[in-house]
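Enquirer: Got a structure here, written out as structure tokens. Questions coming.
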Amino acid sequence: MLQKIYDWVDERLDITPMWRDVADHEVPEHVNPAHHFSAFVYCFGGLTFFVTVIQILSGMFLTMYYVPDIIHAYESVYFLQNEVTHGVIVRGMHHWGASLVIVMMFLHTLRVFFTGSYKKPRELNWVVGVLMFFVMLGLGFTGYLLPWDMKAYFATVVGLEIAESVPVVGGFAKALLAGGEIIGAQTLTRFFAIHVFFLPGALLGLLAAHFIMIRKQGISGPL
Amino acid sequence: MEEKKHKVSRRQFLSYCLMGVGGFMAAGMISPMVRFALDPALEAGGESDFVQVTTLDDLTEEPQRFDFQVEVEDAWYTSDQPRSAWIYREGDEIVALSPTCTHLGCTVNWEGHDDHPNQFYCPCHHGRFEKDGVNIAGTPPTRPLDVYEVEVRDGSVYLGRPMQR
Amino acid sequence: MQRGKGMKFVEDSRIPAERKPNIPKDYSEYPGKTEAFWPNFLLREWMIGAVFLVGYLCLTVAHPSPLERVADPTDSGYIPLPDWYFLFLYQLLKYEFAAGPYTVIGAVVMPGIAFGALLLAPWLDRGVERRPFKRPIASGLMMLGVISVIFLTWESVDEHDWEAAAQQGEIVDDIEVDEESEAFEIYLNQQSCIGCHGGDMLGGAAGPSVFASEYTAEEVKDIIENGLGDMPPGQFDGTDEELETLAEFIANDGQDPNGDGGDDE
């Protein structure tokens with residue numbers, strides 16, 4: 001039955017080569033922890049992706065309850081954490097995932113750096129990776145404000161003051177991020193939009209580019 | 001040939017293991033989130049609060065409409081929402097019927113149509129109910145009107161939540 | 001498979017009519033210990049992933065994510081702290097060479113150089129050598145960067161008063177003071193009380209909210225008469241009866257204990 005459905009689709013779209021290419025690609029010995037234990041350093045990238053997937057999923061579920069409004073944001077977070085079953089786990093996954101993804105990405109970056117994997121011909125993939133690092137930091141910064149508690153508010157105040165200290169464009173950048181003079185209703189909706197739509201959109205695009213480039217160039221050889 | 005057969009079965013074995021581990025990871029990730037999302041649907045109905053609606057003296061044998069307010073808690077909002085009930089006495093018993101038609105949710109009226117005295121009438125699809133709330137065969141509604149839980153304290157009538165019969 | 005002229009397609013599409021057989025590559029012909037991605041290698045990766053996930057879930061269950069009280073922009077006493085991965089930047093701005101008139105250096109120039117160099121690493125380190133010990137400058141600079149980030153983060157964590165911050169952020173129970181009551185009238189006549197505990201009884205310049213700790217009426221009376229900690233004794237100038245009323249009012253969280261002031265059943 002399944003085979004028939006597969007054949008039906010395959011006849012129309014020729015999907016076999018697409019996934020066989022991914023399934024059959026070689027994984028060399030030097031990145032396989034089963035052969036060299038030290039190769040576990042090659043797992044950091046995969047784990048970063050895994051946590052990213054968890055972040056996207058848990059974030060999607062959190063928006064079922066969250067409202068980005070200064071009057072109700074805090075109450076909705078309090079409600080989803082304390083009143084909704086497993087709210088503590090889902091919010092916890094998103095909260096701790098944010099830290100884990102930074103840790104894993106940091107380790108992955110170090111691995112790529114110290115194995116010299118960013119050298120020709122993989123320069124572009126390194127640049128895309130560093131851009132993703134910035135996007136992740138941006139996600140962390142914008143996500144921090146959303147619960148609208150003391151920590152969120154004052155950390156954002158500090159962050160935006162740092163942005164303001166940039167010469168020439170600082171004041172403009174701050175007003176753009178805060179959506180006005182004060183950190184309030186418009187800041188929250190802006191940060192929400194950036195956190196939920198803009199940066200994840202950018203992240204997905206960069207991730208796709210990252211993976212396509214790895215498939216094209218293959219993983220870097222042994223040292 | 002023998003060699004090849006062996007290879008395929010090893011590959012299949014690995015594939016099954018892979019699916020098992022993948023399933024475990026997916027379940028570990030998704031199950032708390034799904035339970036989180038399903039929470040409103042699985043939440044058991046809360047205790048019903050009784051609200052004072054009217055006094056015993058105001059009730060007659062004839063159903064009368066009473067409007068009252070119920071405090072509704074909706075996550076982080078608490079609001080007062082209007083409700084109404086058709087209430088009448090039958091000897092010592094007090095009957096409070098919900099005015100919501102069991103067909104498609106319009107509001108029924110007592111003797112709402114001149115041709116049908118002593119019946120509840122729904123203007124939307126001509127549904128009709130007897131005085132005790134039982135639907136009349138041959139009209140659209142398929143079950144009787146809901147009844148409120150009734151409690152009498154110190155000569156006042158308190159209503160709880162509407163119950164299906 | 002036939003290619004070029006005479007190739008057959010499915011209907012009018014550009015999908016080849018000839019099916020490619022769905023057979024996995026035979027890895028036995030490759031030298032060395034190369035493995036197929038699916039399913040061999042992915043299984044290993046996912047096993048690591050599963051262990052990681054279990055640890056992750058244990059972490060979320062053991063440490064619920066923190067939530068402080070709702071943001072209060074007027075509370076100037078709060079010590080703000082960014083998320084931990086921004087601490088190194090936050091700490092950098094505390095040093096003299098990167099603060100005050102030199103904020104630009106700490107906020108823009110130094111992070112700009114560091115992150116810019118990271119982004120452009122492939123063009124700054126152009127040699128073909130990949131082993132870290134064979135390119136000491138690149139490796140050394142990276143180590144320096146990592147160590148300074150770790151050091152700054154450590155310093156910042158060390159300097160922050162975590163206990164005070166936790167207390168500042170704590171969720172406090174809402175207390176509604178019944179300002180119509182007789183006891184509140186009595187309180188308003190006590191200038192020495194208002195001086196520290198504020199005009200609304202919820203704390204002020206020198207004293208906490210009078211409802212901050214759970215005391216019985218007797219204990220409250222004793223504290224008003226004899227003082228506690230920094231609070232001096234004998235500040236109350238009213239009758240004993242008034243003192244009694246006030247103490248009961250405070251012990252009852254701002255509601256008249258005898259009247260129907262409380263709106264909870």
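Computed from the coordinates by the stated procedures, all read-outs in this text should not be read as laboratory data. Predicted model, so just to flag it, every value in this text is computed and none were measured. Neighbour counts run over all protein chains shown; Cβ positions are idealised from the backbone, glycine included.
Enquirer: Between residue B:127 and residues 5 or more places away or on another chain, which pairs have amide H atoms under 5 Å apart, with H built 1.01 Å from N, and which residues are they?
Expert: Those lying under 5 Å, H to H, from residue B:127 are B:122.
Enquirer: If a helix is a whole DSSP H run, which ones in chain C reach 18 Å or further along their own axis (Cα) and hold a mean Kyte-Doolittle hydropathy of at least 1.6?
Expert: Result, helices passing both filters: C:42-62.
Enquirer: Still on this structure, please answer the following. Any chance you could check the Cα centroid distance between segment A:175-223 and segment C:30-95 for me, in angstrom?
Expert: Answer, in whole Å: 17.
Enquirer: Dipole of the protein assembly as shown, Cα-centred, from +1 at each Lys and Arg C-beta and -1 at each Asp and Glu C-beta, to the nearest 20 debye?
Expert: Its charge dipole is roughly 8900 debye.
Enquirer: In segment B:132-152, whose amide N lies under 17 Å from the spot 7 Å out along Cα-to-Cβ of residue B:51? List them in ranges.
Expert: B:146-152
Enquirer: If the rule is a partner Cβ under 4.7 Å, which cysteines in the protein assembly as shown fail it?
Expert: A:43, B:17, C:58, C:193, C:196
Enquirer: Between residue A:213 and residue B:81, how high is the FRET efficiency from 1/(1 + (r/R0)^6) when r is the Cβ-Cβ distance and R₀ = 45 Å? Nearest 0.05.
Expert: After rounding to 0.05, the efficiency reads 0.20.
Enquirer: Further, regarding this structure: To the nearest 10 degrees, how steep is helix B:2-42 against the longest Cα principal axis of chain B, on a 0 to 90 scale?
Expert: Orientation of helix B:2-42: about 20 degrees from the principal axis.
Enquirer: Okay, next question. Relative to the present Cα-Cα distance, how much length would full extension add between residue C:99 and residue C:79 at 0.36 nm per residue of separation?
Expert: 5.4 nm
Enquirer: Take the Cα atoms of chain A, build their convex hull, and give its volume per residue in Å³.
Expert: 193 Å³
Enquirer: How big is the dipole moment of segment C:84-159 about its Cα centre under a simple scheme where the beta carbon of each Lys and Arg is +1, that of each Asp and Glu is -1, and everything else is neutral? Debye, nearest 20, please.
Expert: Around 520 debye, computed over segment C:84-159.
Enquirer: Follow-up question, since we're still on this one. Given +1 on the Cβ of Lys and Arg, -1 on the Cβ of Asp and Glu, and no further charges, what dipole in debye does segment C:182-251 carry about its Cα centre, rounded to the nearest 20?
Expert: Taking the Cα centre of segment C:182-251 as origin, the dipole is about 360 debye.
Enquirer: Here is a follow-up. Give the lysines reachable from residue C:94 as a straight Cα distance under 24 Å; neighbours fewer than 8 places away on the same chain don't count.
Expert: A:151, A:174
Enquirer: If you take the square roots of the eigenvalues of the alpha-carbon gyration tensor of the protein assembly as shown and sort them as a ≥ b ≥ c, do you get rounded (a/c under 1.5), prolate (a/b over b/c) or oblate?
Expert: oblate
Enquirer: Sticking with this one: Averaged across the residues of C:46-59, what count of C-beta atoms belonging to other chains lies within 10 Å of each residue's C-beta?
Expert: 6
Enquirer: Identify all lysines with a Cα-Cα distance to residue C:25 below 25 Å; exclude those on the same chain that are fewer than 8 residues away in sequence.
Expert: A:4, A:216, B:4, B:5, B:7, C:33
Enquirer: Which of the peptides B:104-115, A:19-30, C:13-24 is most tightly packed, and how do the rest follow, going by the mean number of other Cβ atoms within 10 Å of each residue?
Expert: A:19-30, B:104-115, C:13-24
Enquirer: Each residue of segment C:75-83 in turn: what ³J(HN,Hα) in whole Hz from Karplus with 6.51, -1.76, 1.60 and θ = phi - 60°, glycine and Pro shown as x?
Expert: Going residue by residue, I get 7, 7, x, 6, 8, x, 8, x, 4 Hz, with x marking Gly and Pro.
Enquirer: Kindly identify segment C:182-251 as rounded, prolate or oblate by the Cα gyration tensor criterion: order the square roots of the eigenvalues as a ≥ b ≥ c, call it rounded if a/c is under 1.5, otherwise compare a/b with b/c, prolate if a/b is larger, else oblate.
Expert: Rounded.
Enquirer: Just want the answer: with Cβ charges of +1 for Lys and Arg and -1 for Asp and Glu, which residue in C:148, C:91, C:107 is farthest toward the dipole's positive end in segment C:84-159?
Expert: C:148
Enquirer: Also: Hey, what do the phi angles of segment A:109-124 turn into as Karplus ³J(HN,Hα) couplings, whole Hz, using 6.51/-1.76/1.60 and θ = phi - 60°, x for Gly and Pro?
Expert: 4, 4, 4, 4, 5, 6, 8, x, 6, 8, 7, 2, x, 9, 4, 5
Enquirer: Could you give each residue of segment B:85-90 its phi-based ³J(HN,Hα) in whole Hz, using Karplus coefficients 6.51, -1.76, 1.60 with θ = phi - 60°, and x for Gly or Pro?
Expert: Per residue, the Karplus-derived 3J(HN,Hα) values read 8, 9, 10, 8, 9, 9 Hz.
Enquirer: So, one more: Quick query: amide H of residue B:147 versus all other amide H atoms, modeled in the peptide plane; which residues come in under 5 Å with a sequence gap of 5 or more or a different chain?
Expert: HN-HN under 5 Å from residue B:147: B:98, B:163, B:165.
Enquirer: Which of rounded, prolate, oblate describes segment C:84-159, given a ≥ b ≥ c as roots of the alpha-carbon gyration tensor eigenvalues and a/c under 1.5 marking rounded, otherwise prolate only if a/b is larger than b/c?
Expert: Prolate, because a/c is 1.5 or more and a/b exceeds b/c.
Enquirer: Also, I was wondering about something else. Quick one: which residues, 5 or more positions from residue B:156 or on another chain, have an amide H under 5 Å from its amide H? H modelled 1.01 Å from N in the peptide plane, none for Pro or chain starts.
Expert: B:56
Enquirer: Take the Cα radius of gyration of segment C:128-235 and divide it by 2.2 N^0.38 Å, with N its residue count; two decimals is plenty.
Expert: 2.07
Enquirer: Under 26 Å Cα to Cα from residue C:134, which lysines show up? Leave out anything in the same chain fewer than 8 places away.
Expert: By straight Cα distance, residue C:134 reaches A:119, A:120.
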